[in-house]
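Below you'll find the structure, written out as structure tokens, and then a few comments.
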Amino acid sequence: MRGMSIDIICSDPLHPAYRPLAEWALTHSARLFQNQGSADGGGILFLVSCTEKISVGTRKHYESVLVLHESNLPKGRGWSPLAWQLLNGADRVMVTMLEASDVIDGGFIRAQEVVV
């Protein structure tokens, strides 16, 4: 294990968040991956627009595995929550940070904040 390191998985290098995440990672000694196959453990693993379910085997190698989800969970569970909110006329967007679990979008909610 790498101590209190920070790893990030963002599955799609064309996702609008990927480049800012890559720049942030470079300046903060963090690592950015596109899949869990490269994530070998450490302190915190953040999942930002991650399109794969993170296995128990990967999760157990980190002290915390946290998902950033663009909805007011438990409302808004599922894929593309930001797009669905905008299509449904939302005038504000809540982001939820939750622990990754065996149930997609079903882990313990750590924080929620309105960002738009």
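The values are calculated or read from the model by the stated rules, or taken from the named source; none is laboratory data. On a predicted model such as this, the values are computed, not experimentally measured, just so you know. Please note: Cβ atoms are built from the backbone with ideal geometry, for glycine as well, and neighbour counts cover all protein chains shown. These area figures cover heavy atoms from the full protein model, side chains too; ligands, DNA and RNA do not enter into them. Shrake-Rupley method; radii C 1.70, N 1.55, O 1.52, S 1.80 Å.
The table for this structure:
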quantity: Residue count, the stretch 18-54 (criterion: open to solvent by 30 Å² or more (accessible area, probe 1.4 Å), assigned to a loop (DSSP other than H, G, I, E, B) and closer than 21 Å to Asp105 by Cα); calculated: 6
quantity: Whichever residue in the stretch 92-106 is of a type outside the set (A, V, I, L, M, F, W, C) and modelled with pLDDT under 90 and, among such residues, is surrounded by the most Cβ atoms within 10 Å (Cβ to Cβ); calculated: Thr96
